[in-house]
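Step one of this worksheet: look at the structure below.
The values are calculated or read from the model by the stated rules, or taken from the named source; none is laboratory data. No experiment lies behind these values; they were computed from the predicted model shown. For neighbour counting, all protein chains shown are included, and Cβ atoms are generated from backbone atoms with ideal geometry for every residue, glycine included.
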Amino acid sequence: MTRISVVAAAACALSFLPQAPRVSAVRVDRLLDVTSGVIRERIVVLIQGDRITAVGPADSVRVPRGAEEIVLRNLTVLPGLIDAHVHLTLPGSPDSAAAAELRAGFTTVQDLGAVDTAVFALRRRIAAGAAAGPRIAAAGLWIGVSGGTCDFNGIGVRGVDAFRARVRDQVALGADVIKVCVTSWVAPAFREPQRYEISDEELGAAIAEAHRLERKVAVHAISAGGVRAAVRLGADAVVHSAFVDDSTADLMRRRRVFILPTLHSFEPRRGTPSMDSLFTRMAVLAKRGIPVAFGTDAGVFPHGENAQEFASLVRLGLTPLAAIRAATANGAELLGWSDRVGRVAPGMFADLIAVDGDPLVDITALERVRFVMVGGRIVRRD
C-alpha cells in the first residue's frame, strides 16, 4: 500500500470515530435564577453538546479554547419556558404550531389532547431533526365519556373496562401523560356546581390504570364537584380555571396537585356572570397557595401567543416571579422532568431564552423574546 493510500485509509477511519460534542460559551449581562428569584449579572453559561456544564461569574468560568462564543448584551436570560397545556394538532399544521411555540420561547410543551396520533409523529420528527419544535410530552387522545365534552369525532368511551383499555392503548402508543375529561365548561359548572359527566368508577379506573403504568393524570374539571371527585380519586393536575372549594384547595396544596389556569383563553369571554365568578374564585385560590403550573390551551388561540398568559396570571394576583416559576420550575415538576428542564444549572438541557427587559419588573417582557436555544442549538437570534 502506498503512503498516500495509508494516509487516506487512516483519515477515513478517523471520520467514523465519535466526535466530541460542540462546546459553547454564552455570555450574558443578566441571568434570572428562577430558584432564588435573583438576577445575576455578567454570567457565563458553558454548554457541551445539548447540556449545560457550568454556570458562573464571567471571571470564574474557564472557557475551553476553541469554544463558540455567544454574547447576549442588554437582555435578560431565563430557562426555556414550559407550557404544560397545548394542542399542537389544533388548528392547521402541527409542524407550524410547534415552530411557533419554539420561536416564542417555549422549549418544552405538554400536549393535552388530540383526535389522532399525529402528535406522536411530530415528536419523532422533532427528535430526528426533521422539524423545528420544542421538547414534547404528549397525552395522545382525549379520554372522556361518549356524548361528553371530549367526544370529538366519536372518540368517547363508556364503562370501566373501556376507560382502562383506552389508557393502556395511549401508553402503548407513547403517551407520557393521560388526559381525562371530567366536566363540561364554565357556564354549566356555574349553574350546576356539583355536576360532572363521568362516573366515579370510570374516573377512578382511568386514574388507577394510568398510575399503574407510571403516568400522571391531568383532568379537564371545572365544576366544584368534578374537581373534588378528581382530586379525591388521585388526579395529578387540574387543567383550566375551576370552581374549587376550600377543602379541595387545601388538599391540592398538601398533595401538590397543580392547577393550569388557561386564563388568556378565557379572557375574551369575561363579562358574563359565570366567567366573572370563575375569575373571582381563582383570585381567592391563588392566595390559598394552590400549586400553579403554566398552561394556556394554545391551539384554542394562535400558537406562539402563549406568553400573554403571564400578564393574566399577574392580574390574578401572582407575583411576576411566581408566574415565571409556573412556566419553569413548577412546569418541570409537573412533567416529572425537574432533572432536565426548568433551570439554568449544570446537567440540565441547554434550553435558554433571552428577552428584552426585566420580567420581574414588567412581565410583558416575556412577550419580547429575542433569542432561543433548545438543546444547545440556536433557533432564534434577532
Does ALA311 satisfy the criteria of being more than 30 Å from LEU46 (Cα to Cα), buried (at least 17 other Cβ atoms within 10 Å of the Cβ) and modelled with pLDDT under 95? no
Tell me which of these MET275 doesn't satisfy, since it passes every other one: (1) farther than 23 Å from ALA138 by Cβ; (2) surrounded by 18 or more Cβ atoms within 10 Å (Cβ to Cβ); (3) out of contact with any Phe, Trp or Tyr (no Cβ under 7 Å at 6 or more places or on another chain). (3)
Does ALA354 fit the bill of being buried (at least 21 other Cβ atoms within 10 Å of the Cβ), modelled with pLDDT of 95 or more and part of a helix (DSSP H, G or I)? no
Would you please name the residue that is surrounded by the fewest Cβ atoms within 10 Å (Cβ to Cβ), looking only at residues in the stretch 24-41 that are β-branched (Val, Ile, Thr) and either at pLDDT below 95 or in contact with a helix residue (DSSP H, G or I) (Cβ under 8 Å, 6 or more places away or on another chain) (or both)? THR35
Filtering the stretch 252-277 for residues that are in contact with a helix residue (DSSP H, G or I) (Cβ under 8 Å, 6 or more places away or on another chain), among the basic types (Lys, Arg) and within 13 Å of ALA237 (Cα to Cα) leaves a count of 2
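Residue by residue, here is whether (1) at pLDDT 95 or above; (2) under 24 Å from ASP246 (Cβ atoms); (3) of a type in the set (A, V, I, L, M); (4) not in a helix (DSSP H, G or I) holds:
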| position | (1), (2), (3), (4) |
| --- | --- |
| LEU278 | yes, yes, yes, no |
| PHE301 | yes, no, no, yes |
| ALA332 | yes, no, yes, no |
| ARG340 | yes, no, no, yes |
| VAL372 | yes, no, yes, yes |
Need the failing condition index for THR364 against (1) of a type outside the set (A, V, I, L, M, F, W, C); (2) outside any loop (DSSP other than H, G, I, E, B); (3) within 24 Å of ILE52 (Cα to Cα), just the number. (3)
Count of the stretch 79-137 residues which are of a type outside the set (A, V, I, L, M, F, W, C), touching a Ser or Thr at 6+ places or on another chain (Cβ under 8 Å) and within 21 Å of PHE310 (Cβ to Cβ): 7
Does the stretch 286-307 contain at least one residue that is loosely packed, with under 15 Cβ neighbours inside 10 Å and either outside the structural domain of ASP245 (by TED's automatic domain parsing) or polar (S, T, N, Q) (or both)? no
Looking at VAL44, VAL77, which one is within 28 Å of GLY357 (Cα to Cα), over 25 Å from the mean Cα position of the chain (by Cα) and at pLDDT 95 or above? VAL44
